[in-house]
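Worksheet: one structure, shown below.
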Amino acid sequence: MQTITSTHPVSSNHQHILRWIPAKNGVCTTKEIYRYLAEQNTVQLHQQGSRSILPQVNQILNRAWKTKHLPPLIKTFTWRLIRRALSTADRTARFSNHIDEHCATCAAIEDDAHLFFHCQLPRAVWLSFSPSIHTDTLPQESDGVQTILQTLINNATSDILFCKILTILWYIWKARNDKLFHHKAWTPL
């Protein structure tokens, strides 16, 4: 306290301001913080484990974020799907004994692959999709849908088809949640 009270102010006609050193002009803004953090590039995605992302699937995720034709809702959904962060019955049942891990439609274990590609509704949706997709030919996957997405989406996939696939996945998720939580019919779109 003595040090503070013994400090003499410097006389000046200029207004005192706080400067944020990383900013070019000293002003701390959201844009400057984003630029600073982007330059740091310290975030590394896991290469192994439950939240890992395969490099090819990371390209799909980056493409989704850069696509201007996808609404933020579907971009966020895509991120959650790829990161295995959706509350499927199988995933949720691990945390509660009161939640059934089985699909409400066909009683199979409801994991990501089942929910989006192997259950009755998704099969019907993908068969009616243009171009038609036979889900029985897709790879079987027990944790997430990264391998399946790699099969459906690659660098040659047009932007229109890319957006269409991600939008259909979101509508399947929405239809499942409407059936489960709002008791609506689980019917093809």
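Just a yes or no: is a residue in the range 26-33 basic (Lys, Arg) and either buried (at least 19 other Cβ atoms within 10 Å of the Cβ) or part of a loop (DSSP other than H, G, I, E, B) (or both)?
Of all residues in the range 26-33, those basic (Lys, Arg) come to 31.
If we keep only those that are either buried (at least 19 other Cβ atoms within 10 Å of the Cβ) or part of a loop (DSSP other than H, G, I, E, B) (or both) too, we end up with none.
No; the residues of the range 26-33 include none that is basic (Lys, Arg) and either buried (at least 19 other Cβ atoms within 10 Å of the Cβ) or part of a loop (DSSP other than H, G, I, E, B) (or both).
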### Query
Looking only at residues in the range 110-146 that are among the β-branched types (Val, Ile, Thr) and touching a residue at least 12 places away in the same chain (Cβ under 8 Å), which one is nearest to Ala89 (Cα to Cα)?
Val145
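Answer yes or no: is there a residue in the range 168-178 that is crowded, with 17+ Cβ neighbours inside 10 Å and β-branched (Val, Ile, Thr).
First pass over the range 168-178, keeping only residues crowded, with 17+ Cβ neighbours inside 10 Å: 168-170, 172-173, 175-176.
So of that shortlist, the ones also β-branched (Val, Ile, Thr) come out as 168, 172.
Looking for residues that are crowded, with 17+ Cβ neighbours inside 10 Å and β-branched (Val, Ile, Thr), one finds at least one in the range 168-178, hence yes.
Please pick out the residue among Gln47, Gln40 that is at pLDDT below 70 and closer than 30 Å to Gly144 by Cβ.
Working: Gln40 fails: at pLDDT below 70.
Of Gln47, Gln40, the one residue that is at pLDDT below 70 and closer than 30 Å to Gly144 by Cβ is Gln47.
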### Task
Filter the range 172-188 down to the residues that are without any contact (Cβ under 8 Å) to a residue 24 or more places away in the chain and on the phi < 0 side of the Ramachandran plot, then identify the one that is nearest to the chain's Cα centre (by Cα).
Lys174
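Looking at this structure, is Ala113 loosely packed, with under 14 Cβ neighbours inside 10 Å and aliphatic (A, V, I, L, M)? Full working, then the answer.
On the way: loosely packed, with under 14 Cβ neighbours inside 10 Å: no; aliphatic (A, V, I, L, M): yes.
Considered against the rule, which asks whether it is loosely packed, with under 14 Cβ neighbours inside 10 Å and aliphatic (A, V, I, L, M), Ala113 comes out as no.
Within the range 91-103, identify whether any single residue is under 29 Å from Lys66 (Cβ atoms) and of a type in the set (Val, Ile, Thr), and answer yes or no.
Of the range 91-103, the ones under 29 Å from Lys66 (Cβ atoms) are 91.
Those left that are additionally of a type in the set (Val, Ile, Thr): none.
Within the range 91-103, not a single residue is under 29 Å from Lys66 (Cβ atoms) and of a type in the set (Val, Ile, Thr).
Taking the options Asp159, Asp136, Asp178, name whichever one is under 24 Å from Lys68 (Cβ atoms) and of a type in the set (Asp, Glu).
Selected residue: Asp159, the only one of Asp159, Asp136, Asp178 that is under 24 Å from Lys68 (Cβ atoms) and of a type in the set (Asp, Glu).
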### Message
Take the conditions modelled with pLDDT of 90 or more and within 17 Å of the chain's Cα centre (by Cα) and apply them to Arg123. Does it pass?
### Response
no
### Message
Can you list residue pairs whose Cβ atoms sit under 9 Å apart, with the first residue in the range 56-68 being in the same structural domain as Val145 (by TED's automatic domain parsing) and the second being in a helix (DSSP H, G or I) and of a type in the set (Phe, Trp, Tyr)? Count only pairs 6 or more apart in sequence or on different chains.
### Response
Ile60/Phe162; Leu61/Trp79; Arg63/Phe162; Ala64/Trp79; Ala64/Phe162; Trp65/Trp79; Thr67/Phe162
### Query
Picking from Asp90, Asp100, which residue would you name as being outside any helix (DSSP H, G or I) and either small (Gly, Ala, Ser) or assigned by TED's automatic domain parsing to the domain that holds Asn154 (or both)?
Asp100
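The values are calculated or read from the model by the stated rules, or taken from the named source; none is laboratory data. Values in this document were obtained by computation on a predicted structure and should not be read as measured data. Backbone-built Cβ (ideal geometry, glycine too); neighbour counts: all protein chains shown.
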